[in-house]
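All remarks here apply to the structure that follows.
The values are calculated or read from the model by the stated rules, or taken from the named source; none is laboratory data. Keep in mind that what you see is a predicted model, and the values were worked out from it rather than measured. Counting neighbours? That spans all protein chains shown, and the Cβs are built from the backbone with ideal geometry, glycine included. In case anyone asks, the SASA skips ligands and DNA or RNA and just uses the protein heavy atoms, side chains included. Shrake-Rupley method; radii C 1.70, N 1.55, O 1.52, S 1.80 Å.
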Amino acid sequence: MSVWPIRCLGEIADESGGEIRTGPFGSQLHRHDYTASPDGIPVVMPVNMVGGRINRGGIARITPSKAAEMAAHVTQRGDVLLSRRGDIGRYCLVDGTTAGVVCGTGSLRVSIQGSSLMPEYLCLYLETPLGLHQLQSKAIGATMPNINASIVRSFEILVPPISTQRKIVTTLSAYEHLIENHNRRIKLLQEMVQRIYHEWFVDFR
């Protein structure tokens, strides 16, 4: 019976020419760099990481020219962004629809495309009690826990063969879609109940 190896995330990133980089310092972004224009480039902060995805609702944006200056922080498809302070364990995966957003202050970018580790598998591992505990236990600071690139590089992860990772991702993603659809149906039923209640007992129809 084969045993899957446990490897450090930094080693995995290095083997594929990837990187683990913290977002820009606050001093690199000024008020005049932000824009209300829908053509602005989204900047992903921890608050925008919801359910493993990027929530664009109310997201801050910077001018395209400023984003070009910060090319080192512009994301690519397959990047995994982590919250590096406060709510440790919050993350999101950059997909084809969100590639090109900027990794913001308070965030940290993990690029492992082309390595022995699928970004999607890494995201699932981060949701396990083992993965979450490892990140939170390594965080420093009592009032505001935070992690840095060195801590994330030392993050240990169980690495099965790519074929096995793909099966795990496919299977669990299918269950997640079922759960999401189920929750949407529940929400719709709750709204219907509220409307019926209002019509019967408030409008007296």
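Structure summary
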read-out	value
Helix-only mean residue ellipticity at 222 nm for the chain, each DSSP H run of n ≥ 4 adding -39500 (n - 2.57), per residue, nearest 500	-11500 deg cm²/dmol
Shape category assigned to the range 50-162 from the gyration tensor of Cα positions, a/c cut at 1.5	oblate
Derived scalar couplings ³J(HN,Hα) [the range 20-37; Karplus, 6.51 cos²θ - 1.76 cosθ + 1.60; whole Hz; x for Gly, Pro]	10, 9, 6, x, x, 6, x, 5, 7, 10, 10, 4, 6, 7, 8, 9, 8, 5
The range 87-132: C-alpha gyration tensor shape, a/c 1.5 cut-off, then a/b vs b/c	oblate
For the range 67-114: rounded, prolate or oblate by the Cα gyration tensor [a/c cutoff 1.5]	oblate
Volume per residue of the C-alpha convex hull in the range 1-75, rounded to whole Å³	142
Gain upon complete extension [E19, L158; 0.36 nm per residue less C-alpha separation]	48.1 nm
Accessible area (Å², per residue) of the range 87-163, counting only protein heavy atoms and a probe of 1.4 Å	41
Label-point separation, I186 to T97 (7 Å along Cα→Cβ), nm	2.3
Carbon and sulfur %, accessible surface of the chain computed with the full protein complex present, 1.4 Å	59
Over the chain - Rg/Rh using Cα atoms and the Kirkwood inverse-distance radius	1.06
Theoretical gain in end-to-end length, R166 to T35 [0.36 nm per residue, Cα-Cα removed]	43.2 nm
C-alpha center-to-center spacing [the range 30-44, the range 133-159] in angstrom	30
Probe 1.4 Å, protein heavy atoms only - accessible area per residue of the range 1-76 in square angstrom	59
